[in-house]
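The values are calculated or read from the model by the stated rules, or taken from the named source; none is laboratory data. Please read these numbers as outputs of a predicted model, since none were measured by experiment. Virtual Cβ from ideal backbone geometry, glycine too; neighbours counted across all protein chains shown.
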Amino acid sequence: MKRLTLLLSLTLFAIALVAGLEDSSITFCIQLIRGTNLEEPQNASWKPVGPRLTKRLSPVFRWKAYWEVSRHAAKVDLGKTTRVRLSKEREVEIKLMDREKAEVRLFVNGKLSRTSKQSIDTRIWVLGGDKEMDESWFIVVKREQGTITSSLKK
């Protein structure tokens, strides 16, 4: 009877451990954005960003228009780094450093351009990239709602 209880306890512990490992991730939405004073996108595949994001970006960047060049979802596991190519020239890395902090790195042509460390409770991060005469490029990283799992917040 003691063996059966011990075996059952070990089995339940192993199941809880495996479930906890599978749950220790966060999903982020990553957008490559172009800010410009031009009223039309230079590429037909670019979409205008939504009004809420525009309202958030306008006081900081002061462009007339914001275009979403690309959008990606990235699932990032605790203690690991996930790298996503946003365009031919731009990539982003996200690392869950611990249960409370993440680090985002922006790369331009393979070279590190910007780094930001934030609390995982931060809903949206904006990292500025290159700025040219009539435009700027930057990324917006949003933590998707409900993706901080219980095992990550323990």
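Below is a table of values for the structure above.
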| item | result |
| --- | --- |
| Pair list, Cβ < 7 Å and 6+ apart or interchain, from region 125-151 residues that are modelled with pLDDT of 80 or more and of a type in the set (A, V, I, L, M, F, W, C) to residues that are crowded, with 18+ Cβ neighbours inside 10 Å and not in a strand (DSSP E or B) | 139/86; 140/53 |
| Condition broken by residue 76, with the remaining ones in (1) under 30 Å from residue 133 (Cα atoms); (2) at pLDDT 90 or above; (3) among the β-branched types (Val, Ile, Thr) satisfied | (1) |
| Selection status of residue 68, part of a strand (DSSP E or B) and closer than 24 Å to residue 39 by Cα | yes |
| Members of region 78-113 that are of a type in the set (S, T, N, Q) and either free of Cβ contacts under 8 Å to residues at least 24 places away in the same chain or assigned to a strand (DSSP E or B) (or both) | 81, 82, 109, 113 |
| Residue in region 45-64 that is of a type in the set (S, T, N, Q) and closer than 29 Å to residue 25 by Cβ present | no |
| Residue among 45, 70 that is at pLDDT 90 or above, within 20 Å of residue 84 (Cα to Cα), surrounded by fewer than 15 Cβ atoms within 10 Å (Cβ to Cβ) and of a type in the set (Ser, Thr, Tyr) | 45 |
| Single condition residue 56 does not satisfy, out of (1) assigned to a strand (DSSP E or B); (2) surrounded by fewer than 18 Cβ atoms within 10 Å (Cβ to Cβ) | (1) |
| Residue under evaluation residue 85, criteria (1) under 19 Å from the mean Cα position of the chain (by Cα); (2) at pLDDT below 95, criterion not met | (2) |
| Criterion (modelled with pLDDT of 90 or more and out of contact with any Ser or Thr (no Cβ under 8 Å at 6 or more places or on another chain)) met by exactly one of 91, 40, 103, 22 | 91 |
